[in-house]
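Step one of this worksheet: look at the structure below.
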Amino acid sequence: MNRDSLMTNTRLLEFMHSVQQELDQLHPETPHREAALLSEKQSLEEQRRGWIQSLGNAALPAAARTALEAQFEQAEHRINAIEADLSETAARSQQKQNALDVEMVADQLEQLDQILLSENASAANVMLSQHIDGIYCDGEGTVTIRTCKLGALAGALDLMPREDTSLPLPGTSEATSSDAYLAHPRRRARLNVGAAIDDDDEAASLIDFAVDPDRFGGLGREWFTEDVFQLPERLSWAKAHAQEVAEFRLRTHASMEKTVEHFGKTKPTIREALRYAKEDFGMDAFGKSVSLPTLPNWSRSNAGIVDQFLQKHGVTMKMAVAHFGKSEPTIRKALQFANDASSSGPSDGLETSERHVDQSDEDSESQS
């Protein structure tokens, strides 16, 4: 947001109007009082000039001289007090005018924006300190940033009454129910802003304000906002990737060793991820049963061709063993898988295949 848009920003104008109302109540315009003071001063000055002439008379009696000198001194003190009062009123009026000057506020906000974009961290710290009262953190990861709304209003802070008590720290029993903040802010070392701020006097004033821990002390709650953030919990690799690990194992039926190799983690870490997946997502990817379908099973894969081979006339179990290079139990297991998959039913198919194999073995033995 640039300077021109700030000067027409509705929210800024509404806020400045509320500040003006507050300042008008705290410091009402009293032109009649100023006129009365000026009139009194003028009258005292005229009297003082007359007393000076009288005191210049060498024949003036001592008693009269003493009385005139006392009146002259009283008038002098009163004139000084009136001048101080008028000077303070004029300065306060100027401060009020500056605080409510939209152009000056826009200039300060634009300066803040430019310094934040620069690489001068110290200058950025000083400028942010004009707006941020403090940043408070607790042991549960809660971060509270308290910002003063009057930060960009030049001179407004000096016009606001300060109470004896400060706002409660975020996290204390007066503010929230969380743990109390034990740390107390202390005055910081002066920061070197370099050439980020052109005016040396302005820079010195900003720095002095920034390092004062009580710079906003005593201001009412209405002049602050608090933004609360919760730091995200830092998850372990196992917890962060629990669902991913479980989905991989259920989708691929990978063994634990293959899963470990795929993710490049240790077996305990993979097991912990699977435990989180079960607890948090209801995904049970534990156990060898998940990976069984991927185990090499020659009998299951070759059931069809084994059955076809043994259906040929004159083929015996011994011939099948020699042909496939597998043991007899492996061949019989393949037949079992074939019979289970046949449409005639597992029992009938098994009996037929077994009779065929046994009869072929008997024929082979009788021929030899």
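Some points to look at:
- Elements of type helices (runs of 4 or more DSSP H) contained in region 62-130, each with 2 or more residues being of a type in the set (Ser, Thr, Tyr): 62-99, 121-129
- Selection count, region 301-323, where residues are crowded, with 16+ Cβ neighbours inside 10 Å and within 29 Å of residue 252 (Cβ to Cβ): 3
- If only residues of region 73-121 that are surrounded by 16 or more Cβ atoms within 10 Å (Cβ to Cβ) and modelled with pLDDT of 85 or more are counted, the one that is nearest to residue 30 (Cα to Cα) is 82.
- Residues of region 7-36 that are under 22 Å from residue 110 (Cβ atoms), outside any helix (DSSP H, G or I) and acidic (Asp, Glu): none at all.
- Per the conditions (1) touching a helix residue (DSSP H, G or I) at 6+ places or on another chain (Cβ under 9 Å); (2) under 21 Å from residue 112 (Cβ atoms), the sole criterion not satisfied by residue 22 is (2).
- Criterion (within 60 Å of the chain's Cα centre (by Cα) and either modelled with pLDDT of 90 or more or not aliphatic (A, V, I, L, M) (or both)) met by exactly one of 291, 342, 327: 291
- Only listed residue being assigned to a helix (DSSP H, G or I), touching a Leu at 6+ places or on another chain (Cβ under 6 Å) and of a type in the set (S, T, N, Q), chosen from 39, 54: 54
- Residue within region 56-69 that is of a type in the set (S, T, N, Q) and touching a helix residue (DSSP H, G or I) at 6+ places or on another chain (Cβ under 8 Å) present: no
- Long-range neighbours under 7 Å by Cβ, at least six apart or interchain, first residue of a type outside the set (Lys, Arg) within region 29-43, second assigned to a helix (DSSP H, G or I): 34/86; 34/89; 37/82; 37/85; 37/86; 40/82
- Positions within region 212-234 being basic (Lys, Arg) and surrounded by 14 or more Cβ atoms within 10 Å (Cβ to Cβ), in sequence order: 215
For (1) at pLDDT 75 or above; (2) surrounded by 19 or more Cβ atoms within 10 Å (Cβ to Cβ); (3) within 26 Å of residue 15 (Cβ to Cβ), each residue gets a yes or a no:
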position: 165; (1), (2), (3): no, no, yes
position: 169; (1), (2), (3): no, yes, yes
position: 182; (1), (2), (3): no, no, no
position: 210; (1), (2), (3): yes, yes, yes
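- Note on region 218-232: residues that are touching a Pro at 6+ places or on another chain (Cβ under 8 Å) and among the aliphatic types (A, V, I, L, M) total 1.
The values are calculated or read from the model by the stated rules, or taken from the named source; none is laboratory data. Here the structure is a predicted model, which is why all the values come from computation and not from measurement. Virtual Cβ from ideal backbone geometry, glycine too; neighbours counted across all protein chains shown.
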